[in-house]
Amino acid sequence: MREVNEEFLVGLAEIAATLFGTFLVGVFFYLDSGQRRARQSGADRYVRSGVRGVFLLTGLPLVVPLALANLDPIWGTLAFVVLGALLVAASADSLFRILRSRSSRLSIALAVNEAVSSVAVLFIIATPWVLGGWLPPPSAFVPSLVLALGSAFLSTVALVMTLFDPPPSEFVSEVVK
């Protein structure tokens with residue numbers, strides 16, 4: 001496996017930080033808007049669960065590369081394990097909420113994103129150990145971190161597009177007019 005240098009890992013963390021900040025601005029915009037109050041409570045819980053998942057998807061490529069670049073590899077591995085476990089739990093929670101409350105009726109993008117993200121999380125978690133063994137070298141984490149960034153970006157797009165859709169009650173009244 002090809003060796004990665006610290007500059008590459010820090011650059012990856014910078015990209016994740018930019019995505020994280022952009023998503024955070026979007027969350028504050030959503031909280032400040034009137035759409036939040038117009039949504040159903042089940043859908044709002046799903047949105048909160050989805051936001052938690054996106055935070056973890058961006059947090060993984062933000063924290064792990066910095067730990068790998070500046071500390072011993074074991075600390076990067078431990079950060080990956082902890083954030084990966086939280087990511088799996090958040091992904092399961094989001095999947096449970098979208099199936100239970102049928103929040104996917106709000107947007108087909110949410111349902112598709114949830115399916116794609118759930119599969120991506122499995123690859124994100126497994127890839128370092130498949131490529132690098134029990135104590136993977138820093139280079140074994142790179143595919144997972146890049147996949148996490150891609151998943152975070154797609155999840156951000158799906159969530160933002162859903163938040164700009166009118167609530168179902170408004171949509172029905174607009175169609176009836």
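The values are calculated or read from the model by the stated rules, or taken from the named source; none is laboratory data. Not measured: the values here are computed from a predicted model. Note: ideal-geometry Cβ built from the backbone for every residue, glycine included; neighbour counts use all protein chains shown. SASA here: full protein model, heavy atoms, side chains in, ligands and nucleic acids out. Shrake-Rupley method; radii C 1.70, N 1.55, O 1.52, S 1.80 Å.
Here are the numbers for this structure:
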read-out	value
Positions within segment 89-101 being open to solvent by 50 Å² or more (accessible area, probe 1.4 Å) and among the charged types (D, E, K, R), in sequence order	Arg97, Arg100
Top-ranked residue in segment 20-36 [being open to solvent by less than 50 Å² (accessible area, probe 1.4 Å) and modelled with pLDDT of 70 or more; ranked as farthest from Leu159 (Cα to Cα)]	Gly21
Condition check for Leu87: out of contact with any Lys or Arg (no Cβ under 8 Å at 6 or more places or on another chain) and modelled with pLDDT under 85	no
Selected residue [open to solvent by 40 Å² or more (accessible area, probe 1.4 Å) and more than 12 Å from the chain's Cα centre (by Cα)] from Leu110, Leu147, Leu86, Leu135	Leu135
